[in-house]
Amino acid sequence: MADPQRPSLADQVYDQLLTQIVEEQYPLHSRLPPEQVLAQSCGVSRPVLRTALARLRDDGIVASRRGSGNYVARRPDKQVMSFVPLGSITDIQRCYEFRIDIESAAAAWAAKRRDEADLAALEAAFQRMDQTYQEQALGVDADQMLHLAIARATKNPFFQTVLESLAQQIGFGMKLSRSLTLLASPNRQALVQGEHRAVIDAILRQDPDAAAQAMRAHITAARDRMFVGDS
């Protein structure tokens with residue numbers, strides 16, 4: 001029986017190519033070698049290589065141009081590699097994709113149903129996040145507290161249950177995102193807090209469309225801050 005923990009050949013090629021992209025052996029916007037050359041250099045068949053390339057395209061790291069080949073569209077920030085294992089990048093992105101849809105819907109319902117207690121909880125979480133930035137602390141707990149407060153404000157327990165069940169995975173992505181923010185200039189911290197404030201303000205105004213849009217923009221931006229270049 002095959003070891004379920006053993007990476008497939010396509011996974012190994014994905015990791016190899018991603019490492020080469022991170023290390024700028026293939027710089028941003030550069031063209032990758034032809035498939036036949038890449039397959040030979042990786043020691044795999046072309047079908048295996050194509051599976052790895054398809055995954056890189058799904059992750060927005062590689063883009064194909066008809067009749068021209070595959071190009072590096074964006075690469076993980078080199079700092080990312082010091083915080084997470086190489087193979088977890090896809091899982092982190094998938095979690096963000098899920099959150100974009102679920103939490104934008106939650107923000108919209110929260111805008112419709114929030115009460116004064118909910119607004120107080122949101123403000124308390126926001127102020128706690130401000131404090132963590134001033135202390136140069138990671139603040140993942142405060143970040144999760146804010147997102148859970150929004151879920152509770154929906155008055156629909158399913159939103160809260162989903163976020164709580166994914167707390168470990170969500171916290172992992174938040175830890176990465178906030179670690180990168182702490183390493184960046186103070187302008188990055190102000191930008192992130194501005195995104196949170198936009199969500200809270202829309203909920204305060206009871207504007208569900210604006211709340212959903214603000215949450216979608218925030219989580220998308222958090223995901224994209226892992227990368228250099230345009231997706």
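For the chain, the pair-distance distribution built from all alpha carbon pairs, in bins 10 Å wide starting at 0, is 8, 29, 29, 20, 12, 3, 0 percent. Cα-based values for region 127-231, radius of gyration first and Dmax second, are 13.7, 39 Å. Value of Rg to Rh for region 100-154, rounded to two decimals, is 1.03; Kirkwood radius and Rg both from alpha-carbon coordinates. Semi-axes of the equivalent ellipsoid of region 52-97 are 22, 12, 8 Å, computed as sqrt(5λ) over the eigenvalues of the C-alpha gyration tensor in descending order. Ignoring the sites themselves, the chain has its longest run without GluC sites (Glu not before Pro) in a DSSP loop having at most 13 other Cβ atoms within 10 Å at 25-134.
For the chain, a Gaussian network of Cα nodes joined below 10 Å ranks 84, 62, 44 by mean-square fluctuation, and the top entry is 44. Approximating the spin labels as points 7 Å out from Cα along Cα→Cβ, the residue 182-to-residue 40 distance works out to 4.8 nm.
Binning the C-alpha pair distances of region 19-94 at 5 Å intervals from 0 yields a P(r) profile of 3, 15, 25, 28, 19, 9, 2, 0 %, listed from the shortest bin outward. The simple spin-label model puts a point 7 Å past each Cα toward its Cβ; for residue 130 and residue 65 those points are separated by 4.7 nm. Taking a ≥ b ≥ c as the square roots of the eigenvalues of the Cα gyration tensor, region 184-231 is classed as oblate, since a/c reaches at least 1.5 and a/b does not exceed b/c. Comparing Cα centroids, region 98-177 and region 4-63 end up 36 angstrom apart.
Here, each number is a calculation from the coordinates, and none is a lab measurement. Keep in mind that what you see is a predicted model, and the values were worked out from it rather than measured. Here the Cβ is made from the backbone with ideal geometry for all residues, glycine too, and neighbour counts use every protein chain on show.
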